[in-house]
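In what follows, a single structure is set out as structure tokens and then discussed.
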């Protein structure tokens, strides 16, 4: 139970429920779970190009010749790659920072994969780098910081902020509405 | 209780609670409430220019000389005006359609204030008309329909769709993420 409680979202009650469940299962099933955890940890590392999770030295997206080399989408976390892949709209490559700049948590540019990104952009000369970082204070700082670093090499864009699709004007918060107004585009 | 139940969001239980509360209050208080309802209904009509709620023939926003005459923001409903005013970002005028085009509900362009809008735009020649309609299927139809009608007279823009501010990439639905990517802008 002590070990299980270290997992995110698992408190004392859930830990107890999980532990009691495990005690009820056959030994083979428990061993299969334990083995899967060890295997996953052993086999999954980070892609040496984009730092997304990968079982190979270079991940599937980076190896895929059908994906556009000329666009790099910069995200904070591997789960953002997964979210963007689900849209099936993006055909370029990624770069996973491994977090956002957050001085309070002791995370500066050196703790992230920023140096590797700058090297990659300066060498590959992509046509566009898209910043797709959640708009928290730390996320904004990271986006603007990277924008300054990368602009000498390429065009740097950022994803749009505004009304979520299916959202109602009335229920949008004021900052989102203000951004939606500010970011308005000509109708075509 | 029967009458109270006709209010939006008031079911049998709430109606009973409200009715019992009213019975407990002094008569003067109950009369003040009843009077306020009648007065509101009597005095509040629609602005003859923009169709926002107004106690005067022309509403406060339309009469305000400090507001920019050259921009008209088109919304579905008076509550959208209230939401946009809360942002304190918008300094132009409004036009309230009174709904969106919805053939299923029998609402066509004639049921809305569209004719008045076209007349207003063709006469006043504003520099920009901003469509600020929630992105439902009906809302989209209305935005595109009005865009076609108004483009001969002025520039027509629409508010941005994308990630809500403070929202997390991971929790955005796929359509919103796709729109956020599509609507990306160059970092300045």
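Readers should treat all values here as calculations from the given coordinates under stated rules, not as data from a laboratory. If you're wondering where the values come from, they're calculated on a predicted model, not measured in any experiment. Here the Cβ positions follow ideal geometry from the backbone for every residue, glycine too, while neighbour counts run over all protein chains shown.
What is the antiparallel percent of DSSP beta bridges lying wholly in chain B, to the nearest 5?
Details: 3 of 16 bridges.
Once the DSSP bridges in chain B are tallied, antiparallel ones form about 20 percent.
Comparing A:91, A:42, A:155 in a Gaussian network model of chain A where C-alpha atoms under 10 Å apart are linked, the largest mean-square fluctuation is found at A:42. Shortest first, residue B:34 label-point distances to identical copies amount to 7.7 nm, with the label point at 7 Å from Cα along Cα→Cβ. Take A:63-75, B:50-62 and order them by the average number of nearby Cβ atoms within 10 Å per residue, most first; the result is B:50-62, A:63-75.
For chain A, the relative contact order comes to 13 percent (Cα pairs under 8 Å, sequence separation of at least 6).
Of A:84, A:149, A:163, the residue with the greatest mean-square motion in the GNM of chain A, using alpha carbon springs below 10 Å, is A:163. Counting only alpha carbon atoms, the long axis of helix B:12-24 and the longest principal axis of chain B meet at about 50°. One equal scatterer on each Cα of chain A, no solvent, Debye formula: the resulting log10 I(q)/I(0) at q = 0.08, 0.09, 0.15 Å⁻¹ is -0.38, -0.48, -1.04.
Compared with the dominant Cα axis of chain B, that is its longest principal axis, helix B:137-150 is turned about 60°.
So what is the relative contact order for the range B:112-156, in percent, with contacts set as C-alpha pairs under 8 Å and at least six apart? Provide the component values of the computation, followed by the final result.
Values: 27 pairs, mean separation 23.2, N = 45.
Normalised by residue count, the contact order of the range B:112-156 is 52 percent.
Legend: mean number of C-beta atoms from other chains within 10 angstrom of residue C-beta atoms, peptide B:144-156, equals 1. A label point on residue B:110, set 7 Å along the Cα-to-Cβ line, lies at 7.4 nm from each of its counterparts in the other copies, closest listed first. Among A:120, A:88, A:158, which one moves the most in a GNM of chain A with springs linking Cα atoms closer than 10 Å? Result for chain A, Cα springs under 10 Å: A:88 fluctuates most. If you take the Cα centroid of the range B:148-169 and the Cα centroid of the range A:115-188, the two points sit 16 Å apart.
Just tell me how shielded A:65-78 is by partners: mean number of partner chain Cβ atoms within 10 Å of each residue's Cβ, no decimals.
Details: counts 0, 0, 0, 0, 0, 0, 0, 0, 2, 0, 2, 3, 3, 0.
For this peptide, the per-residue mean of nearby foreign Cβ atoms is 1.
Against chain B, whose longest principal axis comes from its Cα atoms, helix B:78-87 is set at around 70 degrees.
Averaged over peptide A:131-142, how many Cβ atoms belonging to another chain are found within 10 Å of each residue's Cβ?
Numbers: counts 2, 6, 2, 9, 8, 4, 1, 0, 3, 1, 0, 0.
Neighbouring Cβ atoms belonging to other protein chains average 3 per residue here.
For the range B:78-188, relative contact order (Cα pairs under 8 Å, six or more residues apart, normalised by length) works out to 19 percent. For the range B:1-62, the extents of the C-alpha atoms along the principal axes are 42, 26, 16 Å, listed from largest to smallest. Each copy carries a label point for residue B:69 at 7 Å from Cα toward Cβ; from one copy, the others' points are 5.9 nm away, ordered from shortest.
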